[in-house]
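Novice: What follows is a structure written as structure tokens; I'll ask about it next.
The values are calculated or read from the model by the stated rules, or taken from the named source; none is laboratory data. Remember, predicted model here, so these are calculated numbers, not experimental data. Positions of Cβ are backbone-derived with ideal geometry, glycine not excepted, and every protein chain shown enters the neighbour counts.
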Amino acid sequence: MSEGARSARAPGHLEFAWALAIVALLPRLFVAIAWSREPVWDGHYYYFGAERIAQGLGYSEDVWIDGRPEWRPWVHYPVGYSALLGALFTLFGTGTLVAPLFNALLGTATAVVTYELARRGLSEQRARIAGALVALHPGLIAQSALVMTETLAACLLVVAGLCAVSARDRGARLLPFGLSIGVATLVRPASLLLLPLGFVGRRRTLRALLAAGLLALCGTFVVVLPWTLRNCQRLDGCALVSTNGGWNLAIGALSESGRFATLRASDGCRVVSGQVQQDRCWAGVGLRKIAEAPGRWLALAPKKLAETFDHESFAIEYLHEADPRSWPEPRRVAGRQLLTGFHRMVLVLAAFSVIAFAWRRQRGAAFGVQTMLALGAVALGAYAFSSDAHPFYVFCAFIPLIAVLPLPGRPELGPCLRYAIGALFLTALTHVIFFGEDRYHLAVSPLLCLLAAAALRPGARA
């Protein structure tokens, strides 16, 4: 009997879900109330966009022309997070606590949904560990005080995974999965790449798969298409969700560090008249730079992945920027060490989700192969911790690679684990193409917690 089958009939799961929600909510409420300040960095723009929506002005800004303000539609940043905040601002006002309290509720929901997703592929005990890791994840807790999209993006990715796995249990009904991916795309356009993950573990006829795929695609575009049509009507051209894709591609192609760098007109786009034209210009700059030196661009991949997965410090730096006096250097260092240490521990443990507990066999190829994999993962972890560079990003390649290799004795990777591994791989691939920042891994942190809880499960039967 599989772990997921036992978990589906486990008693007391509703009671645990309520307890988990309380454990997740309390620290997030504290952080949201005690640490939140005026939004800074990208958070300022998300907050500004939400205020404009709440005022009935739409997703827009005022541009001063000849001494008079002129209304202009806005689309550089994705609209999803600001739209939800705008609805909340309409109901509760634009106080600085509205967004953090919303984030606290989202983080709580993420922990509970991760537990429910894990129950469909792991034992009840392991599913509870997955939920607890998300509930107590310091980085996800600290994120509650930030007016940033990562908390919502992480919640939507887990919800999409639950919809995908539940659809598999009920047949090929993937409309809820498509709808959730559509909402996630409005929050973070790269989420659209996760659409194929709705088919993980499916063994159906080609006709059934095509029908399910069409249904999922329809669900996604039912959500996204109205916003795309608005952009085509209001702007100087069509934009699927936002106009920062070309901007980000150019940054990834021009940056020497693999992380964000400010673009200037001298980098290639001196004269632009509209947002879509500007985005297309920067996309052209990025593509030309890649075509000129593809080897150099590919060589940046380790730097980009290192910036994305090796550490976790964005939340602390955001809080310091918003309130420097409350975050002196010793506290900043301690905060970064706590968040980074927990993230690295989860990432290393997640590597063991694709390795079986084969020690009880004591013989055969399965024992030898799985033992070598376990020793290899331990060696990689030891090297990452001891090296001055701390290259934990190597686990983002190790986990998907071992998952697809048909090695003897490997553990069963059900749909929920395949979804988590696929999301990790696609997230890494996205930031190889664009650029890396540590806040971008937070969207898959709950799924990393699920993989960590799945570590060293029983291997496949002979």
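Novice: Going by the conditions given, is Pro411 at negative phi, free of Cβ contacts under 8 Å to residues at least 60 places away in the same chain, buried (at least 21 other Cβ atoms within 10 Å of the Cβ) and in contact with a Gly (Cβ under 8 Å, 6 or more places away or on another chain)?
Specialist: So Pro411 fits the description; yes.
Novice: Of the residues Arg280, Arg270, Arg288, which is assigned to a helix (DSSP H, G or I), more than 24 Å from Gly58 (Cβ to Cβ) and of a type in the set (D, E, K, R)?
Specialist: Every option except Arg288 fails the conditions.
Novice: With aromatic (Phe, Trp, Tyr), buried (at least 17 other Cβ atoms within 10 Å of the Cβ) and either under 27 Å from the mean Cα position of the chain (by Cα) or assigned to a helix (DSSP H, G or I) (or both) as the only criterion, which of Phe16, Phe30 stands out?
Specialist: After applying the criteria, what remains is Phe16.
Novice: For residues in region 219-239 being buried (at least 19 other Cβ atoms within 10 Å of the Cβ) and in a loop (DSSP other than H, G, I, E, B), which is farthest from the chain's Cα centre (by Cα)?
Specialist: Leu235
Novice: Return the pair list, or none, for Cβ contacts closer than 6 Å from residues in region 249-263 that are under 9 Å from Leu300 (Cα atoms) to residues that are of a type in the set (Asp, Glu) and part of a helix (DSSP H, G or I), at least 6 apart or on different chains.
Specialist: Gly258/Glu307
Novice: Quick one: would you say Ala428 is touching a Cys at 6+ places or on another chain (Cβ under 6 Å) and either hydrophobic (A, V, I, L, M, F, W, C) or surrounded by fewer than 23 Cβ atoms within 10 Å (Cβ to Cβ) (or both)?
Specialist: Here the answer is yes, as Ala428 does meet what is asked.
Novice: Shifting gears a bit: Sort out which residues of region 431-462 are of a type in the set (D, E, K, R) and at pLDDT 95 or above, and write them in order of number.
Specialist: Glu437, Asp438, Arg439 - these are the residues of region 431-462 that are of a type in the set (D, E, K, R) and at pLDDT 95 or above.
Novice: For Gly436, only one of the following conditions fails: (1) buried (at least 23 other Cβ atoms within 10 Å of the Cβ); (2) within 26 Å of Ala118 (Cβ to Cβ). What is its number?
Specialist: The one condition Gly436 does not meet is (2).
Novice: Is at least one residue of region 327-346 β-branched (Val, Ile, Thr) and farther than 21 Å from His441 by Cα?
Specialist: Scanning region 327-346, I find no residue that is β-branched (Val, Ile, Thr) and farther than 21 Å from His441 by Cα, so the answer is no.
Novice: Something else about it: Does Gly49 satisfy the condition of being modelled with pLDDT of 90 or more, in a helix (DSSP H, G or I), in contact with a strand residue (DSSP E or B) (Cβ under 9 Å, 6 or more places away or on another chain) and of a type outside the set (Phe, Trp, Tyr)?
Specialist: Yes: the conditions hold for Gly49.
Novice: So Phe89 fits all but one of (1) under 19 Å from Thr151 (Cβ atoms); (2) at pLDDT below 95; (3) not in a loop (DSSP other than H, G, I, E, B); (4) not hydroxyl-bearing (Ser, Thr, Tyr); what number is the exception?
Specialist: Tallying (1) under 19 Å from Thr151 (Cβ atoms); (2) at pLDDT below 95; (3) not in a loop (DSSP other than H, G, I, E, B); (4) not hydroxyl-bearing (Ser, Thr, Tyr), Phe89 fails exactly one: (2).
Novice: I'm checking my understanding of the structure. Among residues of region 49-91 that are over 23 Å from Ser191 (Cβ atoms) and among the aromatic types (Phe, Trp, Tyr), which one is surrounded by the fewest Cβ atoms within 10 Å (Cβ to Cβ)?
Specialist: So the residue we want is Trp64.
Novice: In addition: Take the residues in region 269-314 that are out of contact with any helix residue (DSSP H, G or I) (no Cβ under 6 Å at 6 or more places or on another chain) and under 30 Å from Val348 (Cα atoms), then tell me which one is surrounded by the most Cβ atoms within 10 Å (Cβ to Cβ).
Specialist: Selected residue: Glu307.
Novice: Residues of region 293-314 being among the aliphatic types (A, V, I, L, M), assigned to a helix (DSSP H, G or I) and over 12 Å from Glu437 (Cβ atoms), which ones?
Specialist: Matches in region 293-314: Leu298, Ala299, Ala301.
Novice: Looking only at residues that are charged (D, E, K, R) and touching a helix residue (DSSP H, G or I) at 6+ places or on another chain (Cβ under 7 Å) in region 33-48, which one is surrounded by the most Cβ atoms within 10 Å (Cβ to Cβ)?
Specialist: Here the answer is Arg37.
Novice: Among the candidates Thr96, Thr110, Thr114, single out the residue that is of a type in the set (S, T, N, Q) and surrounded by fewer than 23 Cβ atoms within 10 Å (Cβ to Cβ).
Specialist: On inspection, the qualifying residue turns out to be Thr96.
Novice: Quick one: Gly182 ticks every box in (1) closer than 30 Å to Tyr115 by Cβ; (2) out of contact with any Gly (no Cβ under 7 Å at 6 or more places or on another chain) except a single one, so which number is it?
Specialist: Unmet for Gly182, out of (1) closer than 30 Å to Tyr115 by Cβ; (2) out of contact with any Gly (no Cβ under 7 Å at 6 or more places or on another chain): (2).
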